[in-house]
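The values are calculated or read from the model by the stated rules, or taken from the named source; none is laboratory data. Note that the structure is predicted; figures quoted are calculated from it, not measured. Glycine also receives a Cβ, built like all others from the backbone with ideal geometry; neighbour counts cover every protein chain displayed. Remember, those area values only see protein heavy atoms, side chains included, never the ligands or the DNA or RNA. Shrake-Rupley method; radii C 1.70, N 1.55, O 1.52, S 1.80 Å.
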Amino acid sequence: MSNELTKLSALAVRDLLMAGEVSSVELVEAAAARLAIVEPQLNAVPTLCLDRARDQAHAADAARRAGRASLLGGLPIVVKDNNDVAGVRNTGGTSIFRDRISAESDRTVALMEANGAITLGKSNLSELGGAQTTNSVHGTTRNPYDRRLTCGGSSGGAAVALATGEAWLAHGNDYGGSLRIPAAFCNVTGLRPTPGRVPRKRLADPFDTIAVEGPMARDVADLALFFDAMTGYDPGDILTAPTGEAPFLDAAQAPRKPGRIAISADLGLLPIEEPIRQVLSDFTALLEKAGIAVSRSAPDVAGAMEAFRVLRGEGFYATFEPVFDTHRAMFPAPVLADLLRGRDQPGHAIVTANRYRSELYRRTVDFLDEHDFLICPATQAMPFAVETLFPAAVDGRPMQDYVDWISITAIWSLTGLPAIAIPIGFSREGLPIGIQILSHARREADLFRLAAWIERELALPKVPIDPR
């Protein structure tokens, strides 16, 4: 029975909970059994808090029996290991914080748990940045479709936990692509929401709009369900605001074919590996056959990564400056380079980067006014060897650093616009390939409707897999 439960969607399990046909305690035990099988092979959720989860589950079951059911009703999830869960270790994937125990849950986690999420444990992540889930505390997380390869990052443990049935929903966060890249590498979904949709943990810069918290799930309806449990006004995050919108799950359950979209394989300048181009080409043909007006175009993004590197350096240094001098030797070389850039770059570089960012935002908004949606790959490369921090080259072009190969997601992070990542197929070797869909700010409902329509048309497998 427990194995069958882990194969079900989050929405199906939530409905069983509400009907009293399964308990939250039973779900925790089913997840615990699956974790015991998968973790030795993949290392997706290295920190478990199952006793805490069992206590939460008993409380959720009692509340439900008393008529106080929450939105999720006691559904087990995993939380990324850079957010605070009360009483649980929070390493951030760095030896600097190896022994840190969170005194209380941060605002993101507190809201999810208030809405009925049960935290099973902390999912693995990249070490302070990057898109390869490996770090000096917990080691490396492997791709369930081929254990020799990376699962992407930085929310890689979250994606793997979903793909293998260790959890029904997974929390993540995104700076340069962390909710989108591992989703594409693991055949799951992820949403980078508009800043202000989801209350964030305490940040060095509470006014920042590049860093966001968001949901990951196996399919679009589950993603929307979890997003409903993550959104809301919180006075601790100045970007949040009250909203009277309908549940996003309603949008996901009403698939809608778009009238027009734009598609770009490479944004006019990026290297993209051939399997991704081929699957995207087949996908584009499907859209055109369905009668959708497809424009093969994109906004001008030349110079975007120069601006991203400047602002990333500034943001990283602001975050880690308090521990930089005393722990400098513990920062990985690529992250150290970002920190030094942030510390030493001249003021005019920051002014120029912010001016560019404003211009890119305006160009992209104008473009979306004309096309409604922009679709492009969620990764430039296929999953690569798990021992490698980043690919030396993509489609024959050398990569200058550990963020070069994620340009196609990092560029859109600059705009602050929402993007949903969904699978669209597999390579000849059976590796997942995904896209990201961009739309106007606060139009996540439109993204859910379109993504659900695509998901229905493609009918790709969504049942969790055993590690391969």
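Taking a ≥ b ≥ c as the square roots of the eigenvalues of the alpha carbon gyration tensor, the range 236-296 is oblate, as a/c is not under 1.5 and a/b does not beat b/c. Each of ILE435, ALA114, LEU336 was placed along the dipole of the chain (beta-carbon charges, centred on the mean Cα), and the one lying farthest toward the positive end is ILE435. Taking 0.36 nm per residue of separation and subtracting the Cα-Cα distance, full extension of the segment from LYS257 to ALA204 would add 15.0 nm. Remark: the range 363-451 carries a charge dipole of roughly 140 debye about the Cα centre, counting +1 on each Lys and Arg Cβ and -1 on each Asp and Glu Cβ. Expressed as a whole number of Å, what is the distance separating the alpha-carbon centroids of the range 218-254 and the range 408-468? Taking the Cα centre of each part, the range 408-468 and the range 218-254 sit 17 Å apart.
Once the mean of 1/r is taken over each pair of separate Cα atoms and inverted, the chain shows a Kirkwood hydrodynamic radius of 21.9 Å. Classification of the range 387-468 by its C-alpha gyration tensor yields an oblate form. The axis ratio a/c (a ≥ b ≥ c) is 1.5 or more, and b/c is at least a/b. Only the Cβ atoms of Lys and Arg (+1) and of Asp and Glu (-1) were treated as charged; on that basis the dipole of the chain about its Cα centre amounts to roughly 140 debye.
Computed from the C-beta positions of ASP282 and TYR233, the FRET efficiency with R₀ = 51 Å rounds to 0.75.
Ligands, DNA and RNA left out, the 1.4 Å accessible surface of the range 1-159 is 50% carbon and sulfur atoms. The alpha carbon centroids of the range 293-356 and the range 1-25 are separated by 43 Å. Look at the alpha carbon pairs under 8 Å that are at least 6 residues apart: their mean separation over the length of the range 158-312 gives a relative contact order of 18 percent.
By definition, a body whose alpha carbon gyration tensor gives a ≥ b ≥ c is oblate when a/c is 1.5 or more and a/b is not larger than b/c, and the range 332-468 fits this oblate description. Return the whole-Å distance between the Cα centroid of the range 257-277 and the Cα centroid of the range 134-169. Rounded to whole Å, the Cα centres lie 26 Å apart.
Please compare each pair in LYS122/LYS201; LYS7/LYS289; LYS257/LYS289 to a cut-off of 21 Å on the Cα-Cα distance and tell me which ones are over it. Cα-Cα > 21 Å for LYS7/LYS289; rest within.
Summarising the label geometry, the points placed 7 Å from Cα in the beta-carbon direction at HIS348 and ALA385 lie 4.4 nm from one another. Over the chain, Cα pairs under 8 Å with separation of 6+ residues give a relative contact order of 17 percent.
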